[in-house]
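Written below as structure tokens is the structure these notes are about.
The values are calculated or read from the model by the stated rules, or taken from the named source; none is laboratory data. Values in this document were obtained by computation on a predicted structure and should not be read as measured data. Note that we place each Cβ from the backbone using ideal geometry, even for glycine, and neighbour counts take in every protein chain shown.
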């Protein structure tokens, strides 16, 4: 089988045409994680109603080639195809050769992949820094349809931002688009996050000008995602520093409480649901993020944090304390030992 090498536009055209073409085995590589995620979500959609029983996810550093063969040989229960995903694909492919030749397991898998199948779909996702020329695997690569996800050319960034903004209900002019790209860079994942901030700032059907972009950029010097990451890690000093920056824009105070609540609810699911339940609760690209935030948390600790957050919200709404003071007290409560004294100065200023 001749190796198929494509870039995202070609792949997306295949996946979205009136009669979509879904190949049996893909290798996804390249630094543009947004496009990788978008393609994967479309592939998952084309596989049918993929439930946990019809979904397998492996880590290349831990799985063997035989594990992959076993996963794709399992017939789907509900979906049209069983979807099998291998992350850190380069580490799995690195096991394909010994002494310059394919191992017996790799040769068997190559034959299976080359023959294709209509009951499974295999998606290998390489780490963003790995390029196709440096990809191990030898002859096994020839059985994969490889496509690269790279940053869009400059001439395509503006139209992409316009489309995404319109899809979110935003009206954004050309100067605002140019300013957003200049401040954020060419990463579509970063641009998507900034558009979500603009939606929160401008509201549904909001108008975004260059001045709007500058205001949100100034308020995001210590962004809400930074605050959430620090809170999840129990790093109170860093969370309080991020809170100071987030609150440069007063209306952000009303965004922090629900964002913290949503994060804690995600963590609660992560520490209570079995793995198969998590696969159904979160898309794969979010699951990794949620599991990382859940490190070090127990169900009891999450429930206590939710109670404390609810108390902070009541205190704020009742007027007993300003929102920023209630938020500060809540963040300090995440790690009371040894932190309150360092944070006392911040609390007294609020």
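Some notes on this structure:
- Criterion (at negative phi, surrounded by 20 or more Cβ atoms within 10 Å (Cβ to Cβ) and assigned to a loop (DSSP other than H, G, I, E, B)) met by exactly one of 50, 68: 50
- Total residues in segment 273-287, condition modelled with pLDDT of 80 or more and closer than 16 Å to residue 232 by Cβ: 1
- Boolean, residue 74 is surrounded by fewer than 15 Cβ atoms within 10 Å (Cβ to Cβ), in the same structural domain as residue 115 (by TED's automatic domain parsing) and in contact with a strand residue (DSSP E or B) (Cβ under 9 Å, 6 or more places away or on another chain): yes
- Looking at 83, 92, just one residue is modelled with pLDDT of 95 or more, crowded, with 20+ Cβ neighbours inside 10 Å and not in a helix (DSSP H, G or I), and that residue is 83.
- For segment 117-144, filtering for residues that are in a loop (DSSP other than H, G, I, E, B) and surrounded by 18 or more Cβ atoms within 10 Å (Cβ to Cβ) leaves 5.
- Meeting the requirement of 2 or more residues that are modelled with pLDDT of 85 or more, more than 30 Å from residue 298 (Cβ to Cβ) and not assigned by TED's automatic domain parsing to the domain that holds residue 297, the helices (runs of 4 or more DSSP H) wholly within segment 145-261 are 154-167, 174-184, 188-202, 210-219.
- Options 161, 130; residue that is without any contact (Cβ under 8 Å) to a residue 40 or more places away in the chain and in contact with a strand residue (DSSP E or B) (Cβ under 8 Å, 6 or more places away or on another chain): 161
- Qualifying positions in segment 168-182 - surrounded by fewer than 16 Cβ atoms within 10 Å (Cβ to Cβ) and at negative phi: 171, 173, 174, 175, 178, 182
- Test for residue 55: is it more than 20 Å from residue 137 (Cβ to Cβ), out of contact with any strand residue (DSSP E or B) (no Cβ under 6 Å at 6 or more places or on another chain) and in contact (Cβ under 8 Å) with a residue 60 or more places away in the chain: no
- Test result for residue 22, within 21 Å of residue 114 (Cα to Cα), in a loop (DSSP other than H, G, I, E, B) and in contact (Cβ under 8 Å) with a residue 60 or more places away in the chain: yes
- Count of segment 313-339 residues which are touching a helix residue (DSSP H, G or I) at 6+ places or on another chain (Cβ under 7 Å), at pLDDT below 80 and closer than 19 Å to residue 232 by Cβ: 2
- When residues in segment 282-293 are screened for being in a helix (DSSP H, G or I) and farther than 16 Å from residue 259 by Cα, 6 of them pass.
- Test for residue 114: is it outside any loop (DSSP other than H, G, I, E, B) and at pLDDT below 95: yes
- Qualifying residue in segment 294-305 (condition: more than 29 Å from residue 58 (Cβ to Cβ), touching a helix residue (DSSP H, G or I) at 6+ places or on another chain (Cβ under 6 Å) and either part of a helix (DSSP H, G or I) or assigned by TED's automatic domain parsing to the domain that holds residue 87 (or both)): yes
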